[in-house]
Amino acid sequence: MSESYVRNVIEAALLAAGTPLPVAELTRLFEDSARPSAQQVRAALAALAAEYSGRGIELKETASGFRIQVRRELAAEISRLWPERTARYSRALLETLALIAYRQPITRAEIEAVRGVAVNPNIIRTVIERNWVRVVGHRDVPGHPELLGTTREFLDYFGLQSLDELPPLAEIKAMGDFKPDPAAPGGAPAESADGDDSPEDDELSAEGDGSRELVAGPRDLDD
């Protein structure tokens, strides 16, 4: 079995899957009698990554495995394929998501204490429905409030292999800089109705450079 055949099978699988695939699953695509080793699969992935260098797509490793995606710098142009599906994420949702990501596990009351306003239940429901956040336990205090943490899907969406890859707090930008993009398979997300919890919470358009940086406002990070 040639290296080019292994590479072609892996490339086709990544394009067809639409979700990240781990090395173990890529290995199982082949017949037992001609199954490449994990090392050979990784070599094929490295060859694909090199082949895509300087092109419009790239091979990206996330928490769940590998995927082929549009390069971030081209996301603004590609997003025009979905002009009627502009995504909007409110400032309230993004601040809440940032707090969960950086301070997990965290309760809703603790989020409210940092932000200084009540959290709209729609926000928690939205991030849970999108599989970005899940209940990871309960705080050992009266009432046993739920503890919230991020998921593997959260890491995949933001192109991270682990929480260690979150940018340092000192590098976090203003909330208004966050714009979802269609870089990963599946295209631009549909418009959301995540709810606001204060009059100042502006909805953010997905138009722009398409970066997927998780960002939080300065008031979130000073406490």
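Could you work out how far apart the two model spin labels at E61 and Y5 are, taking each label as a point 7 Å from the Cα in the direction of the beta carbon, and quote it in nm?
Here the answer is 2.7 nm between the modelled labels.
For region 3-70, state what percent of all Cα-Cα pairs lands in each successive 10 Å bin, counting from 0 Å until the bin that includes the largest distance.
21, 60, 18, 1
So if R0 is 35 Å, what FRET efficiency would A109 and E129 give, r being the distance between their Cβ atoms, rounded to the nearest 0.05?
0.95
In vacuum, with every alpha carbon of region 107-154 counted as one equal point scatterer, what does the Debye formula give for log10 I(q)/I(0) at q = 0.19, 0.21, 0.31 Å⁻¹? Two decimals, please.
For region 107-154, the Cα-only Debye profile gives -0.64, -0.77, -1.17.
Quote to one decimal, in nm, the extra length available between A34 and R71 on full extension: 0.36 nm per residue of separation minus the C-alpha distance between them.
Length difference between fully extended and current span is 10.0 nm.
Using every alpha carbon pair in region 1-125, what percent of pairs falls into each 10 Å bin from 0 up to the bin containing the largest distance?
Taking every Cα pair in region 1-125, the percentages come to 11, 29, 22, 23, 13, 3, 0.
With a Förster radius of 45 Å, plug the Cβ-Cβ distance of V117 and A12 into 1/(1 + (r/R0)^6) and report the FRET value to the nearest 0.05.
Here the calculated transfer efficiency is 0.40.
Please report the net charge: other residues with Cβ closer than 15 Å to the Cβ of G137, K and R +1, D and E -1.
+1
Considering the convex hull of the alpha carbon atoms of region 53-114, report its projected area averaged over all viewing directions, in nm², one decimal. Could the numbers behind the result be given before it?
Values: hull surface 25.8 nm².
With every direction weighted equally, the projected area is 6.5 nm².
Bear in mind these aren't lab numbers, they're just calculated from the coordinates by the rules spelled out. Given the structure is predicted, the values throughout are model-derived calculations rather than measurements. When we count neighbours, we look across all protein chains shown, and the Cβ atoms used for this are built from the backbone with ideal geometry, even at glycine.
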